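Enquirer: Below is the structure I would like to discuss, written out as structure tokens.
The values are calculated or read from the model by the stated rules, or taken from the named source; none is laboratory data. What you see is a predicted model, and the numbers here were worked out from it, not measured in a lab. Every residue, glycine among them, receives a Cβ derived from its backbone with ideal geometry; neighbour counts consider all protein chains shown. The protein model used for the area step is the full one, side chains on, heavy atoms only, and it has no ligands, DNA or RNA in it. Shrake-Rupley method; radii C 1.70, N 1.55, O 1.52, S 1.80 Å.
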Amino acid sequence: MWSWCGQADTSDANYINEYLAQMSAFETAFPDMRFILMTGHNVGAPGTNLLARNQQMRNYAIANNLVLFDFADIETHDPDGVFYDPQTWNYAIGDTGTCPWCDTWCASHPGYCDADLLSISCAHTDPLFCKMKAQAFWWMMARLAGWSGTP
């Protein structure tokens, strides 16, 4: 898996196409392995380049039946599945990991957002996002290893 930080936001469509082509080449060269695409986390202001680059990666993954770990999508849904449109978020220049709804959601779900969770420091992300991404990664790895998804 190639993991982005803020680079996806500053990349143009051609750069993302090079990334996607290389990941597909790895899939072809090593047919017994699965390579995982990843979107960049939500940064910037409405209409930023990142929204287009993440969608470019999603479209490619769907069209080519590739595995995608969608960081950006995880950040747009709370654990109850409610969608929060990142185009409505107000970011400061250079801001990374801001979650405009996490504090409110955690305040109403103290069992999910205990003191241990809220005290951790996750680079470039909110502690709630960190937990959600860890859970999604575990699920994805278990499914890739053959788990049916049924508890």
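Enquirer: Just to be sure I understand the filter: pairs with C-beta atoms under 6 Å, separated by 6 or more residues or on different chains, first member in the stretch 1-30 and within 13 Å of Arg53 (Cα to Cα), second member modelled with pLDDT of 95 or more and aromatic (Phe, Trp, Tyr). Which pairs pass?
Expert: From the stretch 1-30, the pairs are Leu20/Tyr60.
Enquirer: Identify, from the list Arg53, Arg34, Arg58, the residue that is out of contact with any Asp or Glu (no Cβ under 6 Å at 6 or more places or on another chain) and modelled with pLDDT of 95 or more.
Expert: None of the others qualify; the one that does is Arg58.
Enquirer: Got a sec? Which helices (runs of 4 or more DSSP H) wholly within the stretch 32-151 have at least 3 residues that are in contact (Cβ under 8 Å) with a residue 24 or more places away in the chain and crowded, with 18+ Cβ neighbours inside 10 Å? Talk me through it step by step, then tell me what you get.
Expert: On the way: elements: 49-63, 71-74, 102-107, 115-119, 127-144.
Qualifying helices (runs of 4 or more DSSP H): 49-63, 71-74, 127-144.
Enquirer: I need a count of the residues in the stretch 22-31 that are surrounded by 11 or more Cβ atoms within 10 Å (Cβ to Cβ) and of a type in the set (A, V, I, L, M). Please lay out each step first, then the result.
Expert: Taking the stretch 22-31 first, the residues surrounded by 11 or more Cβ atoms within 10 Å (Cβ to Cβ) are 22-27.
Then drop every residue that is not of a type in the set (A, V, I, L, M), which leaves 23, 25.
Counting residues in the stretch 22-31 that are surrounded by 11 or more Cβ atoms within 10 Å (Cβ to Cβ) and of a type in the set (A, V, I, L, M) gives 2.
Enquirer: While we're on this one: Mind listing just one residue for me: the one in the stretch 1-21 that is open to solvent by 80 Å² or more (accessible area, probe 1.4 Å) and assigned to a loop (DSSP other than H, G, I, E, B) and, of those, modelled with the lowest pLDDT?
Expert: Trp2
Enquirer: Another question, then. Of these, Cys106, Cys102, which one is more than 23 Å from Leu37 (Cβ to Cβ) and under 18 Å from the mean Cα position of the chain (by Cα)?
Expert: Cys102
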